[in-house]
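One structure is given below, encoded as structure tokens.
Readers should treat all values here as calculations from the given coordinates under stated rules, not as data from a laboratory. Small disclaimer: the values here were computed from a predicted structure and weren't measured. Neighbour counts run over all protein chains shown; Cβ positions are idealised from the backbone, glycine included.
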Amino acid sequence: MSGAGATSEKISEKIPVRVYGGPTTLIEYGGLRFVADPTFDPPGEYPTGVGDYNLVKTDPSPVTAADLGHVDVVLLSHDEHQDNLDTAGRAFLPEVPVVFTTESGAGRLGGNARGLAFWQTAELTRPDGGTVTVTGVPARHGPEGCEPLSGDVVGFMLTSDDLPSVYVSGDNAALEYVQEIADLYAPVDTAVLFLGGARHAMFFDNALVTLDSAQGAEAAKLLGARRVVPAHFDSWAHFKEGRKEVEAAFTEAGLADRLDFAR
């Protein structure tokens, strides 16, 4: 594996990416349409299954599943949290030919869900006869050892011989995993980074469960990302940093020109 992102800016601009609030991101790549972590439910409180603690959605989704049109692939970082897969998102999954997710998530979802272990790959046929490789890459939804409570998470790398690379972080809080990904793929052309500095006061001593803005800038440096598309930093109360903090951190790091909010 090598850095497929060593391509011109003009080529990169041919990879359309659009963020639809929360984590829901549409990526058009190699003639295929990918959606990351589909969420369409209205604002409200959503039970976590841990006591009476609820996740609170603060903003409506700007699109419905139907608004997205045809989708070829869902990249689902994990299935266990409503802010990454809600009721409407779950109902949408059977409409898509394939859903890539964690191995444990594929077991729970069944049907068209395929689990990808870290570094496991899957090949998809492009409409033009080429192929897109989807690689599961490491992610961890909190501090080391968090998995028994937070569950498994996976990120994704999209590569193809004649296209720039696209990285989708999923809910990852581990910069050491970003370094491992960078060691194999840097420079990455487009990095869709789930940010927001999410924390839950009752879990992990209030430790981060996603990257904060400063860590996002560090991840961009490690990856050598030409373009950074922030996602999953709004629409939910457990995010502690929003667009203002993301812009400030990337400006401080000298990376403001790499930001693309893709709204």
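Here are a few things to note about the model shown:
- Database remark: amide H of Y29 closer than 5 angstrom to the amide H of F34 (H placed geometrically; neighbours at sequence offset of 5 or more, or on other chains; Pro and chain starts carry no H).
- Normalising by residue count, the stretch 28-82 has a Cα convex hull of 84 Å³ per residue.
- Amide H contacts under 5 Å for D212, placed H, 5+ residues apart: G197
- Our analysis of the chain gives Rg over Rh at 0.93, with the two radii drawn from alpha carbon positions and Rh computed by the Kirkwood formula.
- Ranked by how many other beta carbons lie within 10 Å on average, peptides 101-107, 132-138 from highest: 132-138, 101-107
- Lysine pairs in the chain whose alpha-carbon atoms fall under 27 angstrom of each other, counting only those eight or more residues apart or on distinct chains, come to 6.
- Using a cutoff of 8 angstrom between alpha carbon atoms and counting only pairs six or more residues apart, the relative contact order for the stretch 9-258 works out to 16 percent.
- Dipole magnitude for the stretch 18-109: computed about the Cα centre from +1 point charges on Lys and Arg Cβ and -1 point charges on Asp and Glu Cβ, it is near 180 debye.
- Long-range amide H partners of R126 with built H, under 5 Å: T131, V132
- Selection from L68, V134, V19 lying farthest towards where the dipole of the stretch 9-258 points positive, charges on Cβ: L68
- Sorting the segments 113-124, 169-180 by their mean number of nearby beta carbons within 10 angstrom, highest to lowest, gives 169-180, 113-124.
- Positive-end extreme of charge dipole, the chain - chosen from H81, F250, Y53 (charges on Cβ): F250
- When each of the peptides 65-78, 155-168 is scored by the mean number of other C-beta atoms lying within 10 Å of its residues, the order from highest to lowest reads 155-168, 65-78.
- Whole-Hz couplings from phi, Karplus 6.51/-1.76/1.60, listed for the stretch 102-109; x for Gly and Pro: 5, 4, 5, x, 4, x, 6, 7
- Cβ charges +1 (Lys, Arg) and -1 (Asp, Glu), total dipole of the stretch 9-258, debye: 360 debye
- ³J(HN,Hα) computed for each position of the stretch 56-70 - Karplus, 6.51 cos²θ - 1.76 cosθ + 1.60, integer Hz, glycine/proline x: 10, 8, 9, 10, x, 6, x, 9, 9, 4, 5, 4, 6, x, 5
- With a Förster radius of 22 Å applied to the beta-carbon distance between E180 and D59, the computed FRET efficiency rounds to 0.05.
- Our estimate of slack between D260 and E45, defined as 0.36 nm per intervening residue step minus the Cα-Cα distance, is 74.4 nm.
- Estimated from helices alone, the mean residue ellipticity of the chain at 222 nm is -5500 deg cm²/dmol (sum of -39500 (n - 2.57) over DSSP H runs with n ≥ 4, per residue).
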